[in-house]
1. Residue under question is residue 291, and the condition is that it be charged (D, E, K, R), touching a helix residue (DSSP H, G or I) at 6+ places or on another chain (Cβ under 7 Å) and on the phi < 0 side of the Ramachandran plot; does it hold?
2. With the requirement that a residue be within 17 Å of residue 96 (Cβ to Cβ) and touching a Pro at 6+ places or on another chain (Cβ under 9 Å), what does region 114-150 give you?
3. Can you give me the ranges of the helices (runs of 4 or more DSSP H) entirely in region 79-121 with at least 1 residues that are closer than 16 Å to residue 135 by Cβ and charged (D, E, K, R)?
4. Looking at (1) touching a His at 6+ places or on another chain (Cβ under 9 Å); (2) surrounded by 16 or more Cβ atoms within 10 Å (Cβ to Cβ), can you tell me which one residue 111 breaks?
5. Select from region 180-196 the residues that are near ligand 1 (Cβ under 9 Å from one of its atoms) and of a type in the set (A, V, I, L, M, F, W, C) and write down the one among them that is surrounded by the fewest Cβ atoms within 10 Å (Cβ to Cβ).
6. Within region 1-19, work out how many residues are within 11 Å of ligand 1 (Cβ to nearest atom), small (Gly, Ala, Ser) and more than 11 Å from the chain's Cα centre (by Cα).
7. Of all residues in region 2-35, which are farther than 14 Å from residue 75 by Cα and either among the hydrophobic types (A, V, I, L, M, F, W, C) or in a strand (DSSP E or B) (or both)?
8. Of all residues in region 103-118 being farther than 22 Å from residue 151 by Cβ and in contact (Cβ under 8 Å) with a residue 24 or more places away in the chain, which is farthest from ligand 1 (Cβ to nearest atom)?
Amino acid sequence: MSRIFSGIQPSGELHIGNYLGAVKNWVELQDKEECLICVVDLHAITGKYDVASLAARTREMAIGIIAAGVDPKKVILFVQSHVPEHSELQWLLTTLTPVGELERMTQYKDKSAKYESIPAGILVYPILMAADILLYRADTVPVGEDQVQHLELAREIVRKWNAEFAPDAPVFPEPKPVLSTARRIMGLDGQAKMSKSLGNTIGLLDPPEAVWEKLRPAVTDPARKTKKDPGNPEICNIFTLHKHFSPPATVAEVDQKCRTAGWGCLDCKKVLADNMSAALAPMRARAAELKAAPEQVDAALALGATKARTEARKTLALVRERMGFLPTQGS
Ligand code: ATP
Ligand code: MG
């Protein structure tokens, strides 16, 4: 059995890119493998953030994940800051991670470009991510394509650490990524990947009116200037979304009507909006129930943190021992 670790930041609304790229895979894996799913709030404070809403956003992210089908009875679902061992292991790994490797990361380049004075947290973000995974000695990490580079770095950190501190019997496995068929969903702006922090998303819990409001102005194939201009569905983000939310017969119809200018982009978007809203309706209903009982969500997260912490402490004890620290009395 594999041990799975995956995380999501409470940095904004859970969106369909997160769902198709990562969360959907968690739901599939939870019946087969041992899964740890984490709301990574420590990652979400690496840049400027809203202090007043962090706690609520963290709970809401957990609600979204559960509403999407992740069952806290099947997986260990918890909040990263509830398990302080994440930060400790991060420091231990920071000491052997080359700055040059961190500066090479695409996400670092993108996110740091927005700052005049770059917070070090943005640079060391991938080390915290490596610590998240290594703390549970997870071997498999379901992620979207944007995180594959960070995972490569995590594997490099594993190799370095094992070679330095456990040359005979490696402590950490090299974690491998699992990608879904939707490894990179583009944003509605058609410019960048759909991202919580870019405001180019459709929320997983958006009601039908909001889905339509966001889809209506979304970028399509630029060749379709008017209804009479035929398009190429292969380069249209709306077509990609149809493939994930519409039945095969509709996908075939969309393909044909786009290529032959049989309908306009708005007609195409309307069908998508209806199919998407139908798919999201049960999740919205479940989320509404959970929002009405926040204490149950908090209790599930507390239980998850207790379970995660038991595992985390075991790993850290081993790591401390291998790295030569003086044990505390009684440990
Ligand atoms: P932020 O903009 O704050 O970085 P995000 O939308 O990128 O937020 P994360 O919390 O960083 O979301 O990532 C959670 C998971 O969702 C990761 O596994 C990531 O690879 C995946 N993911 C994020 N965006 C997409 C996308 N557009 N398509 C597919 N997977 C995605
Ligand atoms: Mg991200």
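The values are calculated or read from the model by the stated rules, or taken from the named source; none is laboratory data. Owing to the predicted nature of the structure, the values given are computational and were not obtained by experimental measurement. Cβ sites come from the backbone with ideal geometry, for glycine too, and all protein chains shown count toward neighbours.
1. Details: charged (D, E, K, R): yes; touching a helix residue (DSSP H, G or I) at 6+ places or on another chain (Cβ under 7 Å): yes; on the phi < 0 side of the Ramachandran plot: yes.
In short, yes.
2. Those that are within 17 Å of residue 96 (Cβ to Cβ) and touching a Pro at 6+ places or on another chain (Cβ under 9 Å): 130, 133, 134, 150.
3. Working: elements: 85-94, 99-103, 106-112.
The qualifying helices (runs of 4 or more DSSP H) are 85-94.
4. (1)
5. Taking region 180-196 first, the residues near ligand 1 (Cβ under 9 Å from one of its atoms) are 180, 182-187, 192-196.
Of the ones still in play, those that are also of a type in the set (A, V, I, L, M, F, W, C) are 182, 185-186, 192, 194.
On the way: 182: 20, 185: 24, 186: 18, 192: 11, 194: 22.
Filtering first and then ranking leaves 192.
6. Adding up the residues that qualify gives 1.
7. Residues satisfying the conditions are 8, 14, 15, 16, 20, 22.
8. Step one: filter region 103-118 for residues farther than 22 Å from residue 151 by Cβ, giving 113-118.
Okay, now just the ones that are also in contact (Cβ under 8 Å) with a residue 24 or more places away in the chain, so 114-115.
Numbers: 114: 12, 115: 15 Å.
Taking the candidates together, the pick is 115.
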